[in-house]
Structures are given as C-alpha cells and as structure tokens.
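What follows is a set of notes on a single structure, which appears directly below.
Laboratory data are not the source of any read-out in this text; all were calculated from the coordinates shown. Please read these numbers as outputs of a predicted model, since none were measured by experiment. Note: ideal-geometry Cβ built from the backbone for every residue, glycine included; neighbour counts use all protein chains shown.
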Amino acid sequence: MTTPRRALIVIDVQNEYVTGDLPIEFPSVQTSLANIGRAMDAARAAGLPVVVVQNFAPATSPLFARGSATAELHPVVSSRPHDHYVEKSLPSAFTGTDLAEWLAAQQIDTLTVTGYMTHNCDASTINHAVHAGLAVEFLHDATGSVPYENGAGFASAEEIHRVFSVVLQSRFAAVASTDEWLASVRSGAPLARDNIYTSNQAARARRAVA
C-alpha cells in the first residue's frame, strides 16, 4: 500500500477552549491537549509538515475576540514549531485561506486532523478536504466537543463527539487514537477506513442479534 503523504493540521487550539467561555468537555481537554502535543512532536520527528490554524472573531464577540487572551493559541501549540499558519473566521480551515494551495504545493494527499471542535471546525474542514480530493485522518482523542442545548434539544459533549466520530468513520475520515496514528506513521501504512455500506450493515446486524 502507498505510504500516505501526510500533513498534521492543528485546528483552533486556543485558550477559549481551555480557560475561556467554551471549555471542551469530552474527551477531557487535558487528555486532548497532551495528545495534540504528542502528535505535533511525532510529526516533527517524522518530517511531516504541521499546519496551525487560529480562529478570530470581531473584538466585540463573546468568543474568540481578536486581541483577547482567550483567542490566543494555547501554549501546547504556541510553544511548538509549525510549518504553516492559517488564520480563519469560518468553520472550515479551507474557506478564505491559502490552505488548499499550500497543501498542493507540498504534494500532500492525507490530512491528519486534530484540535477543536469535533463537530464544528473539525467536521467542516474534514468535509471540505474530502470534497477537494484529500484523504483524511481524525484523531479522536486529540479533539473534543462541548454540550449544546437549543430549540432542537440537548446533547452532551460525549454524545456529540461519539456520533460525529462514527459518522466521520463511515465515509469522511479514518478515525483513530493518537497511539494508532503514531504506529501508522512509524509503519508507513494508512489507517483503516470504513464506508457507508459496511457501517450500516454492521449496525443492522447488531440490531438483528439484539
């Protein structure tokens, strides 16, 4: 099998999600931060390019306000080197940025996604990448979600993260732990992927047994 030409993308690992007003709840933010740091270190050691993404909103915004301490990159990311920096204001790291062009110039065919949030900027970036013809990997323990309650109902951070991970694995990304990804980087083999058909068949078989 062809060795993936990977780039690690670290999305919006900003203080807002750690000490600000949008704290990541699942997985534990300390767990995801530690794994993000491990992934960045491993990428550097393996010669894989690292892209750091930072989201900004207007200075009057309650979240990610430009110029605020909570909009700054968390030290886990700011203290480590990167190869490319992307500033954005919309969920996808591709929209209104040079990310696609930069990845193409580096001849990247596989984007490894870490950072926040699973269901928002991660999922938007992953979908965008797939539509652009890239293979995608999603490190489920180097990412995270928050809970929501609105007119459509309530969902815990764990529910949101779990469901999005299952859906991503069904079509959009190879979902793996940081340890599994590190092993894949060392071996040069791509991570295992599923598809909609087999994912649905497995779920229906589980229901039939029950």
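Assorted remarks:
- Just one of the listed residues (Thr60, Thr70, Thr114) is outside any helix (DSSP H, G or I), over 27 Å from Ala183 (Cβ atoms) and not charged (D, E, K, R), namely Thr60.
- When restricted to residues that are within 18 Å of Thr110 (Cα to Cα) and either charged (D, E, K, R) or in a helix (DSSP H, G or I) (or both), segment 5-40 contains 5.
- Taken over segment 158-192, the criterion of being surrounded by fewer than 16 Cβ atoms within 10 Å (Cβ to Cβ), among the acidic types (Asp, Glu) and under 21 Å from Leu48 (Cβ atoms) is satisfied by Asp179 alone.
- Counting the residues of segment 148-183 that are closer than 21 Å to Ala43 by Cβ, in contact (Cβ under 8 Å) with a residue 12 or more places away in the chain and over 17 Å from the mean Cα position of the chain (by Cα) gives 0.
- Here Val167 passes the criteria (1) part of a helix (DSSP H, G or I); (2) more than 26 Å from His128 (Cβ to Cβ) except the one numbered (2).
- Failed item in (1) closer than 16 Å to Ile36 by Cβ; (2) of a type in the set (Gly, Ala, Ser); (3) in contact (Cβ under 8 Å) with a residue 24 or more places away in the chain, with Ser89 passing the rest: (1)
- Scan of segment 171-194 for residues that are of a type in the set (A, V, I, L, M, F, W, C) and part of a loop (DSSP other than H, G, I, E, B), ordered by number: Ala173, Ala189, Leu191, Ala192
- Whichever residue in segment 117-139 is part of a strand (DSSP E or B) and touching a residue at least 60 places away in the same chain (Cβ under 8 Å) and, among such residues, is surrounded by the most Cβ atoms within 10 Å (Cβ to Cβ): Leu139
- Only one of the numbered conditions (1) crowded, with 20+ Cβ neighbours inside 10 Å; (2) more than 23 Å from Arg186 (Cα to Cα); (3) touching a strand residue (DSSP E or B) at 6+ places or on another chain (Cβ under 8 Å) is violated by Glu16, and that is (3).
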